[in-house]
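This report concerns only the one structure given below.
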Amino acid sequence: MEVNYADVYWVANEYGLGDLWCLTFVRGLDEAEALRRMGAGEASIRPLSYRELMDEGLFPDTVLAGRLENWVVLIEVYGWQATELDVMRALSAGTEVVSVLRHDYATDDFAYAVDGEWVTSFNPGIPAWRSGSDPDRLVDAMRDVGFDPGYAPGDEDEDGNEDIGVGHPGVDGALLLAARLTGVVLSQEILNGPLLGGVVYAG
């Protein structure tokens, strides 16, 4: 079954994970190893639920990790350490990583890395402004989820009017792109189930 917007909408809407979070999908690692690569000390890694994280105010220094088939999802609430270059390199060493950041107070971000190399990233609101070693690698996949890889705010439409971005995907499109690339989706059942947590202080 193909993943669609209905599968990711609960995360993207304001009642999902909130207005600042980062989901990072890492292929082939177990939860503890993914947390260690983010910088979590071994002694800090323990079973921890999303409810406990929120109720005890452990964010943003504590990162959650959950199993999604052959992928691990790293969940940062009010954090975005996985999008830092050195962390992304560590997480993707020998494997691949897809990360989606929602940041209502700065800029959203989508990033894809393979074997320590930052391949491509872009702000979902400005998909034309891509960076990385191969910024165009995912343009076909971007189009498939509704992104126009050539769009930037201020562009004009066919009638010569400023295209203000109405109808363009945002974080929901980035989540769908991540789901299409990985074949997995964070569900409410996974989020509310048993997870592993680790303390990863911002450096």
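The values are calculated or read from the model by the stated rules, or taken from the named source; none is laboratory data. As the structure is a computational prediction, the values presented were derived from the model and not from experiment. Backbone-built Cβ (ideal geometry, glycine too); neighbour counts: all protein chains shown. Ligands, DNA and RNA are stripped out before the accessible areas are found, and what is left, the full protein with its side chains, is counted by its heavy atoms. Shrake-Rupley method; radii C 1.70, N 1.55, O 1.52, S 1.80 Å.
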Given the conditions (1) crowded, with 16+ Cβ neighbours inside 10 Å; (2) free of Cβ contacts under 8 Å to residues at least 40 places away in the same chain, report the number of the one that C22 does not fulfil.
-> (2)
For the stretch 84-139, which residues satisfy the criterion of being open to solvent by less than 40 Å² (accessible area, probe 1.4 Å), over 22 Å from L35 (Cβ atoms) and out of contact with any strand residue (DSSP E or B) (no Cβ under 7 Å at 6 or more places or on another chain)?
-> G125, I126, P127, A128, V139
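Of these, R46, R36, which one is touching an Asp or Glu at 6+ places or on another chain (Cβ under 8 Å), open to solvent by 20 Å² or more (accessible area, probe 1.4 Å), modelled with pLDDT of 95 or more and of a type outside the set (A, V, I, L, M)? Before you say what the answer is, go through the steps one by one.
On the way: R46 fails: touching an Asp or Glu at 6+ places or on another chain (Cβ under 8 Å).
The conditions single out R36.
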Restricting the search to the stretch 116-141, which residues are in contact with a Lys or Arg (Cβ under 9 Å, 6 or more places away or on another chain) and more than 19 Å from W21 (Cβ to Cβ)?
-> G116, E117, W118, V119, T120, D136, L138, V139, A141
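Kindly indicate whether V77 is buried (at least 21 other Cβ atoms within 10 Å of the Cβ) and modelled with pLDDT of 95 or more.
no
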Wholly inside the stretch 1-115, helices (runs of 4 or more DSSP H) that include 2 or more residues that are more than 22 Å from R130 (Cβ to Cβ) are 5-12, 31-38, 50-55
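Would you point out which residue out of A152, A128 is outside any loop (DSSP other than H, G, I, E, B) and either out of contact with any Ser or Thr (no Cβ under 6 Å at 6 or more places or on another chain) or more than 29 Å from L29 (Cα to Cα) (or both)?
Going through A152, A128 in turn, just one is outside any loop (DSSP other than H, G, I, E, B) and either out of contact with any Ser or Thr (no Cβ under 6 Å at 6 or more places or on another chain) or more than 29 Å from L29 (Cα to Cα) (or both): A128.
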